[in-house]
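Remarks on the structure that follows.
The values are calculated or read from the model by the stated rules, or taken from the named source; none is laboratory data. Remember, predicted model here, so these are calculated numbers, not experimental data. Reconstructed Cβ throughout: ideal geometry from the backbone, glycine too, with neighbour counts over all protein chains shown.
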Amino acid sequence: MILLFSMLTLFSIHSQKVTVRHAWLRPANKGMNSALYFEVRNNSEKPETLFNVTSNIAGMIQLHESYMEKGMMKMRMVPFIVIKPHSTFVFKEGSYHIMLILLKKDLKPGSKEIFFLHFKNENNLKVIAIVGKN
Amino acid sequence: MKYLFRFIIFITILFYGCSRRFPEKINIARNSFVLLNQDSSNVNFPFDYKGKILVATFIYTNCPDICPMTTYNMQQVQKKLEQKNINNVQFAAISFDPIRDTPSILKDYASIRGMNLNNFSFLTGNKKSIYSLIKNFNFLVLPGDTTQVGTNPVYFFTHADKIYLIDQQGRIRNEYRGSKLDKNKLLSDIKYLED
(Lines give C-alpha, C1' and ligand atoms only; values in the text may rest on other atoms or scores of the structure.)
Protein backbone atom coordinates (compact mmCIF):
# COMPACT_ATOMS: atom_id res chain seq x y z
CA MET A 1 0.00 0.00 0.00
CA ILE A 2 2.80 2.36 1.01
CA LEU A 3 4.67 1.44 -2.16
CA LEU A 4 1.59 2.11 -4.27
CA PHE A 5 1.05 5.48 -2.56
CA SER A 6 4.72 6.41 -3.08
CA MET A 7 4.51 5.48 -6.76
CA LEU A 8 1.33 7.49 -7.22
CA THR A 9 2.89 10.51 -5.48
CA LEU A 10 6.01 10.21 -7.62
CA PHE A 11 3.88 9.94 -10.73
CA SER A 12 1.86 12.95 -9.64
CA ILE A 13 5.01 15.10 -9.09
CA HIS A 14 6.52 14.11 -12.43
CA SER A 15 3.27 14.53 -14.33
CA GLN A 16 3.11 18.20 -13.27
CA LYS A 17 4.65 20.31 -16.00
CA VAL A 18 5.54 23.12 -13.62
CA THR A 19 6.54 22.63 -10.00
CA VAL A 20 7.58 25.05 -7.29
CA ARG A 21 9.65 24.47 -4.19
CA HIS A 22 11.41 26.36 -1.37
CA ALA A 23 8.87 29.19 -1.40
CA TRP A 24 9.51 31.74 1.32
CA LEU A 25 9.00 35.44 1.94
CA ARG A 26 10.43 38.16 4.09
CA PRO A 27 8.91 39.20 7.39
CA ALA A 28 7.43 42.69 7.21
CA ASN A 29 4.82 44.83 8.87
CA LYS A 30 1.44 45.82 7.51
CA GLY A 31 1.77 48.76 5.11
CA MET A 32 5.36 47.89 4.24
CA ASN A 33 6.86 45.84 1.39
CA SER A 34 8.21 42.32 1.20
CA ALA A 35 9.57 39.86 -1.34
CA LEU A 36 8.69 36.29 -2.31
CA TYR A 37 11.36 33.80 -3.39
CA PHE A 38 11.10 30.27 -4.79
CA GLU A 39 12.42 27.81 -7.34
CA VAL A 40 10.19 27.07 -10.30
CA ARG A 41 10.85 24.01 -12.45
CA ASN A 42 9.60 23.51 -15.97
CA ASN A 43 9.39 19.74 -16.54
CA SER A 44 7.94 20.05 -20.03
CA GLU A 45 9.45 20.02 -23.51
CA LYS A 46 8.39 23.61 -24.21
CA PRO A 47 9.42 26.93 -22.66
CA GLU A 48 6.98 28.19 -20.03
CA THR A 49 6.29 31.82 -19.15
CA LEU A 50 5.44 33.14 -15.71
CA PHE A 51 3.70 36.45 -16.27
CA ASN A 52 1.93 37.23 -13.01
CA VAL A 53 1.69 36.36 -9.33
CA THR A 54 -1.39 37.15 -7.29
CA SER A 55 -2.33 37.08 -3.63
CA ASN A 56 -4.69 38.97 -1.38
CA ILE A 57 -1.97 39.96 1.08
CA ALA A 58 -0.53 42.93 -0.85
CA GLY A 59 -1.86 46.01 -2.61
CA MET A 60 0.33 45.32 -5.62
CA ILE A 61 2.54 42.43 -6.74
CA GLN A 62 5.24 42.70 -9.40
CA LEU A 63 7.93 40.51 -10.90
CA HIS A 64 11.14 42.31 -10.09
CA GLU A 65 14.88 42.19 -10.41
CA SER A 66 17.54 43.65 -8.10
CA TYR A 67 20.86 44.31 -9.76
CA MET A 68 24.05 46.22 -9.17
CA GLU A 69 25.22 48.90 -11.59
CA LYS A 70 28.24 51.14 -10.98
CA GLY A 71 28.23 50.29 -7.29
CA MET A 72 24.55 51.08 -6.81
CA MET A 73 21.78 48.60 -6.03
CA LYS A 74 18.89 49.11 -8.40
CA MET A 75 15.52 47.46 -9.04
CA ARG A 76 13.41 47.11 -12.14
CA MET A 77 10.09 45.53 -12.95
CA VAL A 78 10.21 42.63 -15.41
CA PRO A 79 7.11 41.83 -17.50
CA PHE A 80 7.57 38.03 -17.48
CA ILE A 81 10.05 35.25 -16.84
CA VAL A 82 10.69 32.47 -19.34
CA ILE A 83 11.60 29.10 -17.86
CA LYS A 84 13.43 26.94 -20.37
CA PRO A 85 12.37 23.31 -20.97
CA HIS A 86 13.61 20.94 -18.27
CA SER A 87 15.12 23.86 -16.36
CA THR A 88 14.75 25.58 -13.03
CA PHE A 89 14.48 29.32 -12.57
CA VAL A 90 15.41 30.62 -9.12
CA PHE A 91 13.90 33.70 -7.57
CA LYS A 92 16.45 34.58 -4.93
CA GLU A 93 17.69 37.36 -2.68
CA GLY A 94 19.54 40.17 -4.44
CA SER A 95 18.28 38.99 -7.82
CA TYR A 96 14.89 38.13 -9.33
CA HIS A 97 12.06 38.26 -6.79
CA ILE A 98 8.34 38.81 -6.51
CA MET A 99 7.82 42.20 -4.93
CA LEU A 100 4.90 42.58 -2.55
CA ILE A 101 3.94 46.24 -2.19
CA LEU A 102 1.81 47.72 0.58
CA LEU A 103 1.14 44.63 2.67
CA LYS A 104 -2.35 44.28 4.07
CA LYS A 105 -1.17 42.36 7.14
CA ASP A 106 1.91 41.65 9.22
CA LEU A 107 4.07 38.82 7.89
CA LYS A 108 5.43 37.17 11.00
CA PRO A 109 8.22 34.57 10.85
CA GLY A 110 6.81 31.06 10.63
CA SER A 111 3.42 32.06 9.25
CA LYS A 112 2.24 30.84 5.83
CA GLU A 113 0.73 32.72 2.91
CA ILE A 114 -0.95 31.61 -0.32
CA PHE A 115 0.06 32.82 -3.76
CA PHE A 116 -1.08 31.96 -7.28
CA LEU A 117 1.44 31.77 -10.10
CA HIS A 118 0.02 32.51 -13.54
CA PHE A 119 1.64 30.83 -16.54
CA LYS A 120 1.15 31.23 -20.25
CA ASN A 121 0.51 27.53 -20.95
CA GLU A 122 -0.08 25.82 -17.64
CA ASN A 123 -2.95 26.28 -15.23
CA ASN A 124 -2.50 28.65 -12.32
CA LEU A 125 -0.36 27.12 -9.65
CA LYS A 126 -1.16 27.54 -5.96
CA VAL A 127 1.93 28.06 -3.81
CA ILE A 128 2.15 28.14 -0.04
CA ALA A 129 5.12 30.20 1.15
CA ILE A 130 6.49 30.38 4.66
CA VAL A 131 7.67 33.65 6.20
CA GLY A 132 11.38 33.42 6.98
CA LYS A 133 13.44 35.09 9.69
CA ASN A 134 14.92 37.84 7.55
CA MET B 1 74.62 47.42 13.37
CA LYS B 2 73.44 44.48 11.27
CA TYR B 3 70.82 43.59 13.91
CA LEU B 4 69.67 47.21 14.20
CA PHE B 5 69.19 47.34 10.44
CA ARG B 6 67.15 44.11 10.51
CA PHE B 7 65.09 45.46 13.40
CA ILE B 8 64.28 48.66 11.47
CA ILE B 9 63.27 46.61 8.41
CA PHE B 10 61.03 44.41 10.61
CA ILE B 11 59.32 47.40 12.25
CA THR B 12 58.81 49.10 8.87
CA ILE B 13 57.20 45.96 7.41
CA LEU B 14 55.05 45.55 10.52
CA PHE B 15 53.70 49.11 10.42
CA TYR B 16 53.28 49.02 6.65
CA GLY B 17 51.32 45.80 7.01
CA CYS B 18 49.07 47.29 9.70
CA SER B 19 48.35 50.44 7.74
CA ARG B 20 47.67 48.36 4.63
CA ARG B 21 45.09 46.32 6.51
CA PHE B 22 43.46 49.32 8.10
CA PRO B 23 44.09 52.54 6.29
CA GLU B 24 42.10 55.35 7.89
CA LYS B 25 39.47 56.06 5.25
CA ILE B 26 37.36 58.89 6.68
CA ASN B 27 37.24 60.50 10.10
CA ILE B 28 33.51 60.87 10.71
CA ALA B 29 34.01 62.11 14.29
CA ARG B 30 34.69 65.67 13.12
CA ASN B 31 30.95 66.37 13.09
CA SER B 32 28.21 64.99 15.26
CA PHE B 33 24.54 64.74 14.35
CA VAL B 34 21.57 64.49 16.67
CA LEU B 35 19.54 61.47 15.54
CA LEU B 36 16.66 59.52 17.05
CA ASN B 37 16.74 55.82 17.79
CA GLN B 38 13.83 53.37 17.58
CA ASP B 39 12.73 54.45 21.08
CA SER B 40 12.72 58.14 20.10
CA SER B 41 15.77 58.78 22.31
CA ASN B 42 18.41 61.24 21.12
CA VAL B 43 21.66 59.79 19.84
CA ASN B 44 24.67 62.02 19.11
CA PHE B 45 26.16 60.28 16.13
CA PRO B 46 28.98 59.33 16.18
CA PHE B 47 30.08 60.94 19.50
CA ASP B 48 27.95 58.58 21.59
CA TYR B 49 29.86 55.64 20.11
CA LYS B 50 33.33 56.96 21.03
CA GLY B 51 35.44 54.29 22.68
CA LYS B 52 33.46 51.49 21.01
CA ILE B 53 33.80 49.72 17.71
CA LEU B 54 30.83 50.55 15.50
CA VAL B 55 29.41 48.53 12.61
CA ALA B 56 27.12 50.87 10.67
CA THR B 57 25.01 50.84 7.54
CA PHE B 58 22.36 52.86 5.74
CA ILE B 59 18.99 51.31 4.94
CA TYR B 60 15.33 52.12 4.36
CA THR B 61 12.59 49.92 5.73
CA ASN B 62 10.48 49.93 2.55
CA CYS B 63 13.33 48.17 0.73
CA PRO B 64 12.01 44.69 -0.10
CA ASP B 65 15.23 42.91 -1.02
CA ILE B 66 18.69 44.38 -0.36
CA CYS B 67 18.37 46.28 2.96
CA PRO B 68 16.84 43.28 4.81
CA MET B 69 19.82 41.20 3.63
CA THR B 70 22.23 43.78 5.04
CA THR B 71 20.30 44.01 8.30
CA TYR B 72 20.26 40.22 8.63
CA ASN B 73 23.99 39.97 7.94
CA MET B 74 24.69 42.48 10.71
CA GLN B 75 22.35 40.54 13.01
CA GLN B 76 24.36 37.37 12.29
CA VAL B 77 27.63 39.14 13.11
CA GLN B 78 26.07 40.49 16.30
CA LYS B 79 25.14 36.93 17.33
CA LYS B 80 28.65 35.62 16.56
CA LEU B 81 30.21 38.36 18.69
CA GLU B 82 27.83 37.58 21.52
CA GLN B 83 28.88 33.91 21.37
CA LYS B 84 32.52 34.98 21.47
CA ASN B 85 31.85 37.29 24.45
CA ILE B 86 33.04 40.34 22.54
CA ASN B 87 31.09 43.21 24.07
CA ASN B 88 32.72 46.38 22.85
CA VAL B 89 30.89 46.50 19.52
CA GLN B 90 27.79 48.50 18.65
CA PHE B 91 25.61 48.24 15.54
CA ALA B 92 23.69 51.05 13.85
CA ALA B 93 21.37 50.98 10.85
CA ILE B 94 20.65 54.56 9.79
CA SER B 95 17.63 55.24 7.61
CA PHE B 96 18.11 57.34 4.50
CA ASP B 97 14.32 57.63 4.24
CA PRO B 98 13.64 59.69 7.39
CA ILE B 99 10.27 60.96 6.19
CA ARG B 100 8.72 57.47 6.26
CA ASP B 101 11.09 55.80 8.72
CA THR B 102 9.90 57.24 12.00
CA PRO B 103 11.16 55.75 15.29
CA SER B 104 8.01 53.62 15.64
CA ILE B 105 8.39 52.23 12.07
CA LEU B 106 12.01 51.38 12.87
CA LYS B 107 10.93 49.69 16.09
CA ASP B 108 8.36 47.58 14.22
CA TYR B 109 10.99 46.68 11.59
CA ALA B 110 13.32 45.46 14.35
CA SER B 111 10.57 43.74 16.31
CA ILE B 112 9.21 41.59 13.47
CA ARG B 113 12.77 40.39 12.82
CA GLY B 114 13.28 39.49 16.46
CA MET B 115 16.30 41.74 16.75
CA ASN B 116 18.34 42.13 19.91
CA LEU B 117 18.46 45.88 20.45
CA ASN B 118 20.88 45.80 23.39
CA ASN B 119 23.73 46.96 21.13
CA PHE B 120 21.88 47.45 17.85
CA SER B 121 20.13 50.74 17.08
CA PHE B 122 17.97 51.85 14.21
CA LEU B 123 18.44 55.56 13.68
CA THR B 124 16.52 58.29 11.92
CA GLY B 125 16.43 62.08 12.13
CA ASN B 126 15.65 65.19 10.21
CA LYS B 127 16.36 65.00 6.51
CA LYS B 128 19.09 67.67 6.60
CA SER B 129 21.07 65.85 9.33
CA ILE B 130 20.66 62.46 7.68
CA TYR B 131 21.82 63.67 4.30
CA SER B 132 24.80 65.56 5.80
CA LEU B 133 25.76 62.35 7.59
CA ILE B 134 25.37 60.31 4.40
CA LYS B 135 27.66 62.79 2.63
CA ASN B 136 30.27 62.35 5.38
CA PHE B 137 30.27 58.61 4.69
CA ASN B 138 30.38 59.12 0.91
CA PHE B 139 27.35 56.82 0.78
CA LEU B 140 25.38 57.22 -2.44
CA VAL B 141 21.59 57.22 -2.54
CA LEU B 142 19.21 58.44 -5.24
CA PRO B 143 15.45 58.39 -5.76
CA GLY B 144 14.46 55.23 -7.66
CA ASP B 145 11.25 53.66 -8.99
CA THR B 146 7.95 55.30 -8.13
CA THR B 147 4.53 53.69 -8.47
CA GLN B 148 0.97 54.27 -7.34
CA VAL B 149 -1.11 51.74 -5.40
CA GLY B 150 -4.66 53.11 -5.27
CA THR B 151 -4.21 56.59 -3.90
CA ASN B 152 -0.92 55.72 -2.21
CA PRO B 153 2.29 56.81 -3.88
CA VAL B 154 5.05 54.24 -3.39
CA TYR B 155 8.67 55.07 -4.00
CA PHE B 156 11.97 53.27 -3.78
CA PHE B 157 15.64 54.23 -3.74
CA THR B 158 18.70 53.33 -5.72
CA HIS B 159 21.48 53.05 -3.17
CA ALA B 160 24.97 51.82 -2.36
CA ASP B 161 25.33 48.48 -0.60
CA LYS B 162 27.77 49.00 2.23
CA ILE B 163 28.55 48.18 5.81
CA TYR B 164 31.20 50.32 7.52
CA LEU B 165 33.59 49.39 10.29
CA ILE B 166 34.33 52.41 12.47
CA ASP B 167 37.02 52.36 15.12
CA GLN B 168 36.95 53.59 18.72
CA GLN B 169 38.02 57.09 17.59
CA GLY B 170 35.24 57.45 15.02
CA ARG B 171 37.30 56.68 11.93
CA ILE B 172 36.00 54.51 9.10
CA ARG B 173 38.58 51.74 8.78
CA ASN B 174 36.96 49.36 6.33
CA GLU B 175 33.92 48.89 4.08
CA TYR B 176 32.11 45.70 3.09
CA ARG B 177 29.36 44.67 0.69
CA GLY B 178 26.26 44.83 2.91
CA SER B 179 23.98 42.33 1.19
CA LYS B 180 26.79 39.87 0.44
CA LEU B 181 28.83 40.39 3.57
CA ASP B 182 31.96 38.35 4.16
CA LYS B 183 31.11 37.83 7.83
CA ASN B 184 34.41 36.15 8.68
CA LYS B 185 36.34 39.09 7.25
CA LEU B 186 34.32 41.57 9.31
CA LEU B 187 34.69 39.44 12.45
CA SER B 188 38.42 39.17 11.88
CA ASP B 189 38.70 42.95 11.38
CA ILE B 190 36.67 43.62 14.54
CA LYS B 191 38.97 41.31 16.49
CA TYR B 192 41.97 43.11 15.04
CA LEU B 193 40.62 46.53 16.09
CA GLU B 194 39.74 45.18 19.52
CA ASP B 195 43.30 43.99 20.09
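Things worth noting here:
So that you can scan it fast, the table gives a plain yes or no per residue for (1) within 14 Å of another protein chain (Cβ to nearest Cβ); (2) over 16 Å from the mean Cα position of the chain (by Cα):
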residue: B:Phe33; (1), (2): no, no
residue: B:Ser41; (1), (2): no, yes
residue: B:Ile59; (1), (2): yes, no
residue: B:Asp65; (1), (2): yes, yes
residue: B:Ile86; (1), (2): no, yes
residue: B:Ile94; (1), (2): no, no
residue: B:Pro98; (1), (2): no, yes
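- Residue-level analysis places A:Val90 outside the set of residues that are closer than 26 Å to A:Lys17 by Cβ, among the aliphatic types (A, V, I, L, M) and in contact with a His (Cβ under 8 Å, 6 or more places away or on another chain).
- If you filter region A:62-112 down to residues that are over 16 Å from the mean Cα position of the chain (by Cα) and on the phi > 0 side of the Ramachandran plot, you find that the one that is surrounded by the fewest Cβ atoms within 10 Å (Cβ to Cβ) is A:Lys70.
- Looking only at residues of region B:146-186 that are within 14 Å of the chain's Cα centre (by Cα) and in a helix (DSSP H, G or I), we find that the one that is nearest to the other protein chains (Cβ to nearest Cβ) is B:Lys183.
- Contacts under 8 angstrom Cβ, first residue in region A:71-83 being closer than 19 Å to A:Val18 by Cα and modelled with pLDDT of 95 or more, partner surrounded by 12 or more Cβ atoms within 10 Å (Cβ to Cβ) and of a type in the set (S, T, N, Q), 6 or more apart: A:Phe80/A:Thr49; A:Ile81/A:Thr49; A:Val82/A:Thr49; A:Ile83/A:Asn42; A:Ile83/A:Thr49
- The lone criterion from (1) in contact (Cβ under 8 Å) with a residue 60 or more places away in the chain; (2) of a type in the set (A, V, I, L, M, F, W, C); (3) out of contact with any Asp or Glu (no Cβ under 7 Å at 6 or more places or on another chain); (4) surrounded by 12 or more Cβ atoms within 10 Å (Cβ to Cβ) left unmet by A:Ile128 is number (4).
- Members of region B:100-125 found to be of a type in the set (Ser, Thr, Tyr) and within 13 Å of another protein chain (Cβ to nearest Cβ), listed by number: B:Thr102, B:Ser104, B:Tyr109, B:Ser111
- Any hit, region A:93-101, residues being part of a loop (DSSP other than H, G, I, E, B) and at pLDDT below 95: no
- Total residues in region A:102-125, condition free of Cβ contacts under 8 Å to residues at least 60 places away in the same chain and not in a strand (DSSP E or B): 4
- Residue within region A:113-120 that is touching a Ser or Thr at 6+ places or on another chain (Cβ under 6 Å), among the charged types (D, E, K, R) and surrounded by fewer than 18 Cβ atoms within 10 Å (Cβ to Cβ) present: yes
- Region B:43-57: number of residues that are surrounded by fewer than 24 Cβ atoms within 10 Å (Cβ to Cβ), within 15 Å of the chain's Cα centre (by Cα) and in a loop (DSSP other than H, G, I, E, B): 2
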